[in-house]
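Contents: one structure, followed by commentary.
The values are calculated or read from the model by the stated rules, or taken from the named source; none is laboratory data. Keep in mind it's a predicted model, so treat the numbers as computed, not measured. Neighbour counts run over all protein chains shown; Cβ positions are idealised from the backbone, glycine included.
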Amino acid sequence: MPIKQLIRVAIKSLQTNKSRSLLTALGVIIGVASVILLVSVGSGLKDYITNQMQDMGSNLIMVMPGEIDLDKMGVGGGAMSSAFSSMASSKLELDDMEEIEKIPQIEDVTAMVMASSPVRYKGESKIAQVIGTTENYVNIRKSDFEKGSFFTKSEVNSGRKVAVLGYKVAEDLFGEENPIGEKVKLGEYRYQIMGVMEEKGGQGSMSPDDKVFVPITTAQRQFDQDNISLIFAQVRSSGEVSLTVPLVEEVLKRRLDEEDFTVLDQKEILSTVSSILDTLTIALGGIAAISLLVGGIGIMNIMLVSVTERTQEIGLRKALGATPEVILTQFLVEAVFLSVGGGIVGIILGGGGAFLLNRFMPTTVTLWSVVLAFIVSATVGIVFGITPARRASQLSPIEALRYE
């Protein structure tokens, strides 16, 4: 039988019971949509963080609290969680930043502490990430301003309650009103607005637009954080980075043990982040793929029911000359149609979900994930459709015609 006719027969058979066909494909739809959506989250985070780091230049050094084994990064969740938990138990201090600043090859240095807090102005309120940092932050991050300016060294030293708003925070709280000079309530304290950062793009808490920047000394006092989370140092030139890393380590070893800190250059940072997020993406995709397995089992079960229901039809077709290969191919085509159809709908729904989620966090729907989802859905149809198709092809025409 020509393939076109097989496809026509398969479509007609599936249309005979549309609701059952839809419910059968639902498992594949959910599985593929989940894979597309979750992989887009992992890919989006990787792209966003990589772009952010590259924007800061190739002459960047980062000091993180705790000992981080780069060889184990990305291998299981333990290495990932240790990187984040080390920030909570940091032994880094502002004095360490000041000592690093004395290294001749260092051009700029800044430190950060991070917290989350409600930000209120009149009747408006939102939760924002608060970044306590120093006056050099804008130089290292190459930040520009929509309005106003950043706080100064004297304001950091005195611990003044001044703040610079990310673009989205200012927009949400003030709308068209000029926020410069106004006061917002950050937690239980009032801060005077000095500036508004230029819009950077990005989504949710990952975006600089959704952050509030305050002097690091003020943040330490308000959020009761004696130590600091990160130190960023900018080297005079990218060619001096490899020579400067050991100098930074030497400075830190005067006060800290080796296991209390990790010094990374930009290449190592990007490699580490990429490894962690690749592992996260694979893990998320793997979890979502389990529902594809469930969808495949559903297809197999329904196709077995279909073989039983159509036993007389199979017997009649065999009596009229249809070979076992034709019967097998027809049922296999039906299974693949169900699976691929579900896969296509799942790709559309997953892409749509990623588009909507992009308002809150970075997502990237990659071509490879779409192609892989399509191939996997077709494979599911073949693997789980072969058993019912083989059973149909092996039916005896005489016994099939007698079946009631």
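For this structure, a couple of remarks:
- Filtering the stretch 203-226 for residues that are aliphatic (A, V, I, L, M), touching an Asp or Glu at 6+ places or on another chain (Cβ under 9 Å) and in the same structural domain as VAL119 (by TED's automatic domain parsing) leaves an empty set.
- Against the test of being modelled with pLDDT under 85 and within 30 Å of GLU107 (Cβ to Cβ), the options GLN225, GLN266, GLN312, GLN220 yield a single qualifying residue, GLN266.
- Failed condition for GLU313, given (1) without any contact (Cβ under 8 Å) to a residue 60 or more places away in the chain; (2) within 21 Å of PHE374 (Cα to Cα); (3) of a type in the set (Asp, Glu): (2)
- Scanning the stretch 39-78 for residues that are within 16 Å of the chain's Cα centre (by Cα) and either outside any helix (DSSP H, G or I) or at pLDDT below 65 (or both) turns up GLY74, GLY77.
- From the options ILE386, ILE375, ILE327, ILE347, residue that is without any contact (Cβ under 8 Å) to a residue 60 or more places away in the chain, of a type outside the set (Asp, Glu) and in contact with a helix residue (DSSP H, G or I) (Cβ under 8 Å, 6 or more places away or on another chain): ILE386
- Looking at VAL333, VAL307, VAL365, just one residue is outside any helix (DSSP H, G or I), in contact with a helix residue (DSSP H, G or I) (Cβ under 8 Å, 6 or more places away or on another chain) and either crowded, with 19+ Cβ neighbours inside 10 Å or not assigned by TED's automatic domain parsing to the domain that holds ARG8 (or both), and that residue is VAL365.
- Out of ALA289, ALA283, sole residue that is farther than 30 Å from ARG391 by Cβ, part of a helix (DSSP H, G or I) and not aromatic (Phe, Trp, Tyr): ALA283
- Residue check for GLU240: more than 31 Å from the chain's Cα centre (by Cα) and farther than 22 Å from PRO65 by Cβ: yes
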